[in-house]
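Worksheet: one structure, shown below.
No value in this document is a laboratory result; all are computed from the given coordinates. Nothing here was measured: the structure is a model prediction, and the numbers come from that model. Virtual Cβ from ideal backbone geometry, glycine too; neighbours counted across all protein chains shown.
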Amino acid sequence: MLSPITSIARITSKKGSVRANHFHKTDWHYAFVESGKVLYFEREIGAQSVPEPLVFVPGQMFFTKPNIEHAMLFVEDSTIYTFAKNIRSHDNHESDLIRVSFITQDIINQYVS
């Protein structure tokens, strides 16, 4: 079944930056890589280990389900587009997510030189 997308965002990130490090209670989103290179990490809520990342490059898209901890590490200056189920006003977005911090500086140093 197709579901409507209510939000599209263009996001630019510098090499070495981390985005997400959270999970959504109800929202889901697709992310499309326009330029750069993204390492995508996801795991079950409450998991303690850091999973091996999936690597996404221009032209590729990935999906994040609700209730999945996820983070994106940008190993090059990058531009992505996100396509989300929920309206992405600041307050609405913040009320639907729970922040976690599993991508630490040690992890960043491991992948970004």
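Out of Phe63, Ala84, Ala20, whose Cα points farthest toward the positive end of the dipole of the chain (charges: +1 Lys, Arg; -1 Asp, Glu; placed on Cβ)?
Looking along the dipole axis, the top candidate is Ala84.
Based on the mean of other beta carbon atoms within 10 Å per residue, what is the order of 26-35, 45-54, most packed first?
Numbers: 26-35: 17.6, 45-54: 10.9.
Going by the mean number of other Cβ atoms within 10 Å, highest first, we get 26-35, 45-54.
In Å and on Cα atoms, what radius of gyration and Dmax does the chain show?
Here Rg and the maximum Cα pair distance are 13.5, 42 Å.
List, in order, the whole-Hz ³J(HN,Hα) value for each residue of the stretch 103-113 obtained from phi through the Karplus relation with A = 6.51, B = -1.76, C = 1.60 and θ = phi - 60°; use x for Gly and Pro.
My calculation for the stretch 103-113 gives 9, 9, 4, 4, 5, 4, 4, 5, 10, 10, 10 Hz in order.
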